[in-house]
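Chemist: Sharing a structure, written as structure tokens. Questions coming.
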Amino acid sequence: DPVEDFRILRKELRLYSPVLGSRPAIIVANKMDCEQADACLKRFLARVRKRPVIPISAATGQGLEALREALAKAAKSEG
């Protein structure tokens, strides 16, 4: 379950470092080329409300430009 995986990851990050756990994150939904990807993404988006999610497919390259742009924007705002 991607939602539960996300919650566990965020919890572990906060336990490791409260500073890292409180920082903004870019959520990347990979494997968007898979058959059930759209349905899974829809469920995930409904559960993680108001958090930006960038859907990509590393296999096909779909969404990678949007991810690069988001990373560049985040890096600029940090610097």
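Chemist: Tell me which residues come under 5 Å, amide H to amide H, from GLN62 once H is placed; ignore anything under 5 positions away on its chain.
Modeler: Residues meeting the criterion, in which the H sits 1.01 Å from N, are SER57.
Chemist: Please state the relative contact order of the chain as a whole percent: Cα pairs under 8 Å, 6+ residues apart?
Modeler: Rounded, it is 27 percent for the chain.
Chemist: Additional query: Which lysines have a Cα less than 19 Å from the Cα of LYS31, not counting those fewer than 8 places away in the same chain?
Modeler: Straight-line reach from LYS31, under 19 Å: LYS42.
Chemist: If you don't mind, there's one more thing I want to ask. Rounded to whole Å and sorted largest first, list the principal axis extents of the Cα atoms in region 17-79.
Modeler: That works out to 38, 25, 19 Å along the principal axes.
Chemist: Run the reach check for LYS76 against lysines, Cα to Cα strictly under 26 Å, same-chain hits fewer than 8 apart removed. What comes back?
Modeler: Output for LYS76: LYS50.
Chemist: Can you list residues from other chains, or at least 5 along the same chain, whose modelled amide H is less than 5 Å from the amide H of ILE54?
Modeler: Long-range HN contacts for ILE54: ILE27, VAL28, ALA29.
Chemist: Of the heavy-atom accessible surface of the chain (probe 1.4 angstrom), what whole percent is carbon and sulfur?
Modeler: Working: 3530 of 6240 Å².
Carbon and sulfur together cover 57 percent of it.
The values are calculated or read from the model by the stated rules, or taken from the named source; none is laboratory data. If you're wondering where the values come from, they're calculated on a predicted model, not measured in any experiment. The accessibility values were calculated without ligands, DNA or RNA, using every heavy atom of the protein model including side chains. Shrake-Rupley method; radii C 1.70, N 1.55, O 1.52, S 1.80 Å.
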